[in-house]
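J.: Can you keep this structure in mind? I'll have questions shortly.
Values quoted throughout were computed directly from the atomic coordinates according to the rules given, and no laboratory measurement underlies them. What you see is a predicted model; the values in this text were computed from it and never measured. Here Cβ is always computed from backbone atoms with ideal geometry, including for glycine, and neighbour counts include all displayed protein chains.
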Amino acid sequence: MAKTKTKRSTKATAPLTTRTSLDAKGHREIYRYMLLTRRLEEKLGNLYRQGKVVGGLYRSLGQEATAVASAYALGPDDFLAPMIRNLGSMLVRGVQPVEMMRQYMAKGDGPTLGKDLNNHFGDVAGRHLIAPISVLGSLVPVMAGIALGGRMRGDSIVALTYLGDGGISTGEFHEGMNFAAVNKLALVLVAENNGFAYSTPTANQMAVDSLVDRAAGYGVACEQVDGNDALAVYEASCRAVERGRAGEGPTFIEAITFRMKGHAEHDDQRYVPKELLEKWAAKDPLDRFRATLLDRKILTSEDFEAMEVEMRAELDAAQDLAEQSPPAPPERALEGVYYDTPRARDPRPRIL
């Protein structure tokens, strides 16, 4: 165990390279994506309470820095696969708020044409975005395969995906992680450790002190980072991307953060002690990054106020467009579900 911790500490304090240096524009963009994530999810929460969101809503309140800053470290040709609570990473890759609203409201002109809900869609060719898989851990071998495919094609790409502390207890995580490690694939895995797998405390599902203690056993580079510190997440993600692109294999990043909402909007979070919520409220990632931007004189109080006004108008317009969108016509229900469309299928019964 001592060797594992020494290795982790060494990796986490590796010297930064020029790639990790952010200019003022980069600071502003990361903050704006974090703010957009929170305000968009607040909008979706209001729509959920109005009965306009079909299905569940899984918010990332308190975890915006992890998704946004890690995705911001990727290059345009890299591939990203979000999970249910990584809306911020999708915004970084170019997904628009109106797309997300149409998707959650099951509109006919949404990304999945009303067939699925929340963020279950991708855009492989355009935005190099791989659709989420609800089964936890399943994206790890998928993204390992994408990294392998990139190598076979001669492309210098990196594949990044996420999972929670509960997800690394699944078999597919271990299979995918081991495959990536043995083959030195350019895979970056960001594990958001928020202390609860749904309602199960992390201490009740694993005996080790931290997630990197488990991942280090595969011989991969591991870093533990403050997941509520956007710049720390960005720097660690840049190091991981550089390792992968240089052929040094995968990196496992444990982001210590906290989910300030329940597993979904229907979850009242009664299993979380009140003092724990108060502790993490004081570590709010937006408040912390805002203070950094003010201290470095990158943005002023007036700039933040103007950003809020602009974003409110943008999201109001997106909501208007989404609510005006028609539902999918019933006859399209089976289109795109099977290989052939309903009209093209042979109506005769088949003997299997």
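J.: Can you compute the helix-only [θ] at 222 nm over the chain? Use -39500 (n - 2.57) per DSSP H run of at least 4 residues, normalise by all residues, nearest 500 deg cm²/dmol. Before the final figure, lay out each step's value.
T.: Values: 13 runs with 155 residues, N = 352.
Helix-only estimate at 222 nm: -13500 deg cm²/dmol.
J.: Follow-up. Counting pairs of alpha carbon atoms under 8 Å apart in space and at least six apart in sequence, what relative contact order in percent does the chain give?
T.: Details: 589 pairs, mean separation 78.8, N = 352.
Relative CO of the chain lands at 22 percent.
J.: Given the options Leu139, Leu117, Leu276, state which has the largest fluctuation in a GNM of the chain using a 10 Å cut-off (strictly under) for Cα springs.
T.: Leu276
J.: Counting each pair of different Cα atoms once, what's the Kirkwood radius of segment 23-87 in Å, rounded to one decimal?
T.: Taking every pair of different Cα atoms in segment 23-87, averaging 1/r and inverting gives 13.0 Å.
J.: What are the semi-axes of the equivalent ellipsoid of segment 165-209, taken as the square roots of 5 times the eigenvalues of the Cα gyration tensor, listed largest first and rounded to whole Å?
T.: 23, 10, 9
J.: Below 8 Å between Cα atoms, with a sequence gap of 6+, how large is the relative contact order for segment 130-226 in percent?
T.: Value for segment 130-226: 28 percent.
J.: Could you tell me what percent of the DSSP beta bridges with both partners in segment 2-332 are antiparallel, to the nearest 5?
T.: 15 percent
J.: Can you list the residues, at least 5 places off or on another chain, whose amide H is less than 5 Å from the amide H of Ile130, using H built in the peptide plane?
T.: Residues meeting the criterion, in which the H sits 1.01 Å from N, are Leu80, Ala81, Asp123.
J.: Go through segment 273-284 residue by residue and turn each phi into a ³J(HN,Hα) via Karplus (6.51, -1.76, 1.60, θ = phi - 60°); whole Hz please, and just put x for glycine and proline.
T.: Along segment 273-284, the couplings run x, 4, 5, 5, 5, 5, 4, 7, 4, 6, 10, 3 Hz.
J.: Then there's this: Determine the distance separating the Cα centre of segment 117-180 from the Cα centre of segment 23-57; give it in Å without decimals.
T.: 24 Å
J.: Another question about this same structure. Largest first and to the nearest Å, give the Cα extent of segment 2-332 along each principal axis.
T.: 57, 51, 41
J.: Based on the inverse mean of 1/r over its pairs of different Cα atoms, what is the Kirkwood hydrodynamic radius of segment 26-136, in Å?
T.: Numbers: mean 1/r = 0.0715 Å⁻¹.
The answer is 14.0 Å.
J.: Select from segment 183-290 those GluC sites (Glu not before Pro) which occupy a DSSP coil region and have at most 10 other Cβ atoms within 10 Å, ordered by residue number. Can you show the working numbers first?
T.: Values: sites: Glu192, Glu223, Glu235, Glu242, Glu248, Glu254, Glu265, Glu275, Glu278; in loops: Glu248, Glu265.
Filter output for segment 183-290: empty list.
J.: A follow-up question, please. Quick query: amide H of Ala197 versus all other amide H atoms, modeled in the peptide plane; which residues come in under 5 Å with a sequence gap of 5 or more or a different chain?
T.: Thr202
J.: If you don't mind, another one. For the chain, set up a Gaussian network in which alpha carbons nearer than 10 Å are linked by springs, and say which option among Thr66, Thr251, Thr170 fluctuates the most.
T.: The residue that fluctuates most here is Thr170.
J.: Would you kindly derive the ³J(HN,Hα) couplings of segment 136-142 from the backbone phi angles with the Karplus curve 6.51 cos²θ - 1.76 cosθ + 1.60 (θ = phi - 60°), listing them in order in whole Hz, with x for Gly and Pro?
T.: 4, x, 5, 6, 5, x, 4
J.: With the alpha-carbon atoms as the only input, what is the per residue convex hull volume for segment 208-306 in Å³? Each step should come with its number before you reach the end.
T.: Details: hull volume 16.2 nm³, N = 99.
Output value, Cα hull per residue: 164 Å³.
J.: Follow-up. Only Cα pairs under 8 Å and at least 6 apart count here; give the relative contact order of segment 55-133 as a rounded whole percent. Don't skip to the answer; put the middle values down first.
T.: Values: 109 pairs, mean separation 23.9, N = 79.
So the answer I get is 30 percent.
J.: Another question, then. If the viscosity is 0.692 mPa s and the temperature 37 °C, what Stokes-Einstein diffusion coefficient in µm²/s follows for segment 120-162 when Rh is the Kirkwood radius over Cα pairs? List each step's numbers first, then the result.
T.: Values: Rh = 11.0 Å.
Result for D is 299 µm²/s.
J.: I've got another one for you. Hey, which of these cross-link pairs are over 22 Å Cα-Cα: Lys43/Lys261; Lys25/Lys283; Lys25/Lys261; Lys52/Lys261?
T.: Lys25/Lys283; Lys25/Lys261
J.: For segment 193-304, what is the percent of antiparallel DSSP beta bridges, rounded to the nearest 5?
T.: 20 percent
J.: OK, next. Mind listing the Cα extents of segment 209-253 along all three principal axes, in Å, largest one first?
T.: 29, 26, 6 Å, listed from the longest principal axis down.
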